[in-house]
């Protein structure tokens, strides 16, 4: 699980995207909401960061 104390207060958009993608890659069971809360981004923003990763790893017909 991500810990807020490990994530800087102000991340650039690229840093936030990279952090979200690394978190999801390490633990695909993490929700967009949990990742977003840890990095200070909305669930919807995290969803956009992870769209291509999820498409590549999820079976056809499975959506979030």
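Are any residues in the range 4-16 exposed (fewer than 10 other Cβ atoms within 10 Å of the Cβ), at pLDDT 90 or above and assigned to a helix (DSSP H, G or I), and if so, which ones?
The answer is 14, and nothing else.
Here residue 1 meets each of (1) at pLDDT 90 or above; (2) in contact with a helix residue (DSSP H, G or I) (Cβ under 8 Å, 6 or more places away or on another chain); (3) part of a loop (DSSP other than H, G, I, E, B) with one exception, condition (1).
Within this structure, residue 19 passes the test of being on the phi < 0 side of the Ramachandran plot, touching a helix residue (DSSP H, G or I) at 6+ places or on another chain (Cβ under 8 Å) and modelled with pLDDT of 95 or more.
The values are calculated or read from the model by the stated rules, or taken from the named source; none is laboratory data. Fair warning: this is a prediction, and the values are worked out from it, not measured in the lab. Don't worry about glycine lacking a Cβ; one is built from the backbone with ideal geometry, like all the others, and counts go over all protein chains shown.
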